[in-house]
Amino acid sequence: MKKNVMIVGVGGQGTILASKLLGNVALAAGYDVKVSEVHGMSQRGGSVVTYVRYGDGIESPIITEGEADYILSFEQVEAVRYLANLKTYGTIVVSTATVAPAGVLTGSAIYPYGILERLEEKNKDIKIVKVDADGIAKSLNFIRSANMALLGAFAAASDFDKQLWLDAIAEQIKPQFLEVNVKAFEEGYQTAKKQ
Amino acid sequence: MKKQLMMGNEAVARGLYEADCAAVFAYPGTPSTEITEFASEYDNITAEWSPNEKVALEAALGAATAGRRAFCAMKHVGLNVAADPLFTGAYIGVNAGLVIAVADDPGMFSSQNEQDTRRYAIAAKLPLLEPSDSAECKELTKLAFEISEKFDIPVILRLSTRVAHTRSQVELQEREIVAPKDYVKNDSKNVMIPAYARGRRVDLEKRLTALREYSETSGINKVFEGTGTGIIAAGTPFRYARESAPDGCGFLQLRMLNPFPDALANKFASEYDKTVVVEELDPVIEERCRIIGLNVVGRELFSGIGELSQRVIAEKLGGKAAEFVVSDEEIPPRPPLLCAGCPHRGVFYLLSKMKLIVSGDIGCYALGASAPLRAVDTTVCMGASVSGLHGMLKAKPELSDKAVAVIGDSTFIHSGITGLIDIVYNRSNATVIILDNRITGMTGHQNNPANGFDIHGNEAPAIDLEQLCRAVGVKRVVMCDPYDLVESEKVIKQELAAAEPSVIIMRRPCALLKNVEKRKPLTVDADKCKGCKKCTGLGCPAISFSDKKAAIDLFSCVGCGICADVCSFGAIERGDK
């Protein structure tokens with residue numbers, strides 16, 4: 001068995017923390033794991049990609065076209081930017097947040113609103129789980145828990161024991177922020193279970 | 001012991017700890033930076049940020065000569081800076097072990113070129129080891145020290161972005177204490193005057209012969225038996241090939257590429273119908289195979305540009321490549337930007353507005369080259385902004401009021417100061433702008449000799465940049481706040497007009513630093529906004545434009561206020577007013 005997860009988003013959204021958590025969960029589940037990140041230039045608000053691969057005997061650290069079982073995206077457009085990497089019957093877990101790229105900010109490009117709905121319409125084999133992660137985080141008065149809400153949704157869509165996630169979160173998050181992050185995770189989890 | 005996930009760089013640092021390395025020296029450079037940061041967390045290792053890679057390698061050579069295991073780390077282009085001690089270091093050898101980690105960047109994720117460090121190892125006659133995952137990063141770091149001491153030679157540990165920045169399983173072991181070696185004066189070994197260097201030159205060949213024997217027979221290079229096609233590879237390309245080459249292929253994994261195990265490769269190739277070399281960047285393995293008479297396939301299948309992947313190998317070797325779908329939507333590109341509140345933004349806005357030639361440098365401020373600012377004219381390497389401007393003005397003195405150099409605080413210390421000395425000594429009427437944001441930014445916030453803190457965040461003596469510039473003979477040194485656009489423009493104009501060299505120090509800490517006070521966000525008065533887009537021309541991620549009006553995002557704005565200065569209609573209001 002081998003599973004490939006691409007975690008994508010905008011630099012600064014917390015993709016690296018998410019990949020760290022998923023890597024630790026997969027390791028705790030007894031799998032071989034590789035988590036590949038790119039640092040440097042891409043941190044400055046650019047499009048960022050992290051590859052997480054787990055299973056038996058993981059060799060390559062990267063995920064190429066048609067190989068990802070999941071795309072976990074922190075932003076709508078980013079989910080579609082890396083579509084080619086998804087298996088033709090893969091799953092996208094995506095935050096409905098939108099972050100305008102430079103061209104959109106300056107008015108030289110248009111943000112493709114409704115992109116997820118159009119994708120759903122055209123590719124019936126691809127499963128899309130949409131999560132209002134920012135909304136969950138705002139309802140908890142802790143905007144920085146949005147990535148936990150998204151991870152919760154991913155946890156529901158993937159096949160690990162939930163307790164492994166809770167253990168990994170407890171290990172990674174500072175005690176004073178743990179409760180609210182776990183709440184966000186739970187809400188994301190429930191949201192995805194309903195879809 | 002329990003296995004844990006570690007980044008390749010973290011595993012190298014763990015290897016340093018377990019091998020009882022005493023001293024670590026480095027200048028930050030993606031993708032090598034974290035090795036030194038992780039190493040600094042071990043109490044028994046003295047780790048420090050050096051002013052540049054040449055200093056780092058010379059210090060490491062000194063530490064090894066004194067008799068303690070030493071290490072330095074750098075990115076591939078850093079080795080250009082450190083090449084001088086590298087070549088002669090091979091002649092001298094070591095007392096206690098010396099390991100030099102160099103991280104290449106195939107695909108140029110955060111670099112200006114794609115040079116191949118393996119060429120350096122061959123040219124400098126140094127052994128080169130190459131891990132393919134984090135476990136090997138730790139194993140080969142430790143082995144490198146043994147090889148260094150056994151064969152009296154510095155050892156290069158070559159990493160790549162994928163090895164350095166991939167987390168994979170590592171089994172921790174205990175530190176093995178290594179007794180310091182005595183320092184004994186040995187001038188014919190350590191003093192490289194011609195008379196002694198000639199002797200060491202002969203000795204180096206003897207050491208290389210012994211190292212070649214080690215490469216052949218020690219088992220450091222690994223054979224995985226198969227039939228049909230034999231694949232020779234190293235680093236992550238070996239992992240890609242293992243994943244997607246057709247079933248049954250045999251593998252020779254080179255973990256010591258120099259000296260090359262000629263006989264081993266020959267024997268390996270003789271057992272297969274066809275031998276394929278899988279490597280990124282230069283055809284170093286392939287060329288060696290051809291020199292020893294092996295008929296291998298390599299570059300004709302795999303490009304030397306950018307990264308390889310399991311998919312490329314599957315496609316070329318007849319394995320199975322996955323199907324995929326593409327979107328027909330137009331996806332707007334998302335390039336990296338200068339952050340909201342970045343103190344460099346206003347300076348680039350002014351330079352662009354004044355239509356100046358900007359001799360640029362390496363760091364966050366290279367982003368000043370991106371749209372919409374597009375202020376930078378040249379970027380070559382660390383320090384080239386200052387010396388490049390000097391050359392421009394020597395060729396065309398009439399550009400002295402139309403061109404500036406722009407360089408960061410850390411880069412100025414690294415190698416900008418030498419260019420400034422050239423400007424003074426050889427009398428070019430240059431204007432140099434130091435963007436002093438009190439940190440080494442692009443590599444992820446490392447302290448440096450100019451900001452008053454050491455690698456641990458403890459207070460350290462701070463080089464006074466103003467005094468430094470005056471000391472080399474620049475009489476016009478002006479301090480300026482880059483958040484004050486009006487004053488900044490006045491100062492730049494005044495210094496360009498001056499009839500002698502000047503330095504403008506634009507001082508304002510990086511907006512991402514934790515201790516930087518955030519001001520209240522600004523707001524756009526929609527009634528006053530005429531939709532002229534002057535503010536969006538700043539390329540600030542907090543400013544957007546829709547329905548013919550500008551808007552400022554409450555959460556990302558840090559209140560720098562540059563947009564308010566830029567607005568011709570007084571439509572942007574400061575939060576503190």
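Descriptive notes on the structure:
- Residue match in segment B:70-89 (condition: surrounded by fewer than 23 Cβ atoms within 10 Å (Cβ to Cβ), assigned by TED's automatic domain parsing to the domain that holds residue B:118, acidic (Asp, Glu) and not in a helix (DSSP H, G or I)): no
- Summed over segment B:330-352, the residues that are without any contact (Cβ under 8 Å) to a residue 24 or more places away in the chain and either on the phi > 0 side of the Ramachandran plot or among the β-branched types (Val, Ile, Thr) (or both) give a count of 1.
- Helices (runs of 4 or more DSSP H) wholly inside segment A:98-195 that include at least 3 residues being open to solvent by less than 90 Å² (accessible area, probe 1.4 Å), closer than 18 Å to residue A:14 by Cα and touching a residue at least 60 places away in the same chain (Cβ under 8 Å): A:146-157, A:162-172
- Residues located in segment B:312-342, provided they are assigned to a helix (DSSP H, G or I), open to solvent by 60 Å² or more (accessible area, probe 1.4 Å) and away from chain A (no Cβ under 12 Å): B:316
- The strands (runs of 3 or more DSSP E) found wholly in segment A:1-93 include none carrying at least 2 residues that are out of contact with any strand residue (DSSP E or B) (no Cβ under 6 Å at 6 or more places or on another chain), more than 9 Å from chain B (Cβ to nearest Cβ) and open to solvent by 30 Å² or more (accessible area, probe 1.4 Å).
- Taking every residue in segment B:1-16 that is more than 9 Å from residue B:167 (Cβ to Cβ) and within 10 Å of chain A (Cβ to nearest Cβ) and pairing it with any residue that is part of a strand (DSSP E or B) and not acidic (Asp, Glu), at least 6 positions away or on another chain, the pairs with Cβ-Cβ distances below 6 Å are B:3/B:169.
- Of all residues in segment B:166-217, those being part of a helix (DSSP H, G or I) and not charged (D, E, K, R) number 16.
- Of the numbered criteria (1) of a type outside the set (Phe, Trp, Tyr); (2) within 14 Å of chain A (Cβ to nearest Cβ); (3) open to solvent by less than 20 Å² (accessible area, probe 1.4 Å), the one residue B:534 fails is (3).
- Scan of segment B:367-386 for residues that are under 27 Å from residue B:452 (Cα atoms) and buried (at least 21 other Cβ atoms within 10 Å of the Cβ), ordered by number: B:367, B:368, B:382, B:383, B:384, B:385, B:386
- So residue B:541, is it outside the structural domain of residue B:412 (by TED's automatic domain parsing) and surrounded by 19 or more Cβ atoms within 10 Å (Cβ to Cβ): yes
Residues checked against (1) farther than 30 Å from residue B:105 by Cα; (2) within 14 Å of chain A (Cβ to nearest Cβ); (3) open to solvent by less than 30 Å² (accessible area, probe 1.4 Å):
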site: B:128; (1), (2), (3): no, no, yes
site: B:137; (1), (2), (3): no, yes, yes
site: B:147; (1), (2), (3): no, no, yes
site: B:155; (1), (2), (3): no, no, yes
site: B:159; (1), (2), (3): no, yes, yes
site: B:166; (1), (2), (3): no, yes, yes
site: B:169; (1), (2), (3): no, yes, no
site: B:193; (1), (2), (3): yes, no, no
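- Meets criteria (surrounded by 24 or more Cβ atoms within 10 Å (Cβ to Cβ), assigned by TED's automatic domain parsing to the domain that holds residue B:162 and without any contact (Cβ under 8 Å) to a residue 60 or more places away in the chain) for residue B:24: yes
- Whichever residue in segment B:501-526 is among the charged types (D, E, K, R) and free of Cβ contacts under 8 Å to residues at least 40 places away in the same chain and, among such residues, is most open to solvent (accessible area, probe 1.4 Å): B:514
- Hits in segment B:346-363 (condition: within 12 Å of chain A (Cβ to nearest Cβ) and either among the aromatic types (Phe, Trp, Tyr) or open to solvent by less than 20 Å² (accessible area, probe 1.4 Å) (or both)): B:363
- One residue from B:383, B:363 being assigned by TED's automatic domain parsing to the domain that holds residue B:411, over 30 Å from residue A:62 (Cβ atoms) and not polar (S, T, N, Q): B:383
- Candidate set from segment B:513-542 (those that are of a type in the set (A, V, I, L, M) and either assigned to a loop (DSSP other than H, G, I, E, B) or under 35 Å from the mean Cα position of the chain (by Cα) (or both)); member that is farthest from residue B:571 (Cα to Cα): B:513
- Here B:545, B:555 are screened, and the one residue that is in a strand (DSSP E or B) and within 14 Å of another protein chain (Cβ to nearest Cβ) is B:545.
- Candidates are the residues of segment B:369-387 that are of a type outside the set (Ser, Thr, Tyr) and outside any loop (DSSP other than H, G, I, E, B); the one that is modelled with the lowest pLDDT is B:369.
- Residue check for residue B:329: outside the structural domain of residue B:77 (by TED's automatic domain parsing), acidic (Asp, Glu), touching a strand residue (DSSP E or B) at 6+ places or on another chain (Cβ under 6 Å) and over 26 Å from residue B:397 (Cα atoms): no
The values are calculated or read from the model by the stated rules, or taken from the named source; none is laboratory data. Just so you know, these numbers come straight off a predicted model, no measurement behind them. Positions of Cβ are backbone-derived with ideal geometry, glycine not excepted, and every protein chain shown enters the neighbour counts. Only protein heavy atoms, including side chains, enter the accessible area calculation; ligands, DNA and RNA are left aside. Shrake-Rupley method; radii C 1.70, N 1.55, O 1.52, S 1.80 Å.
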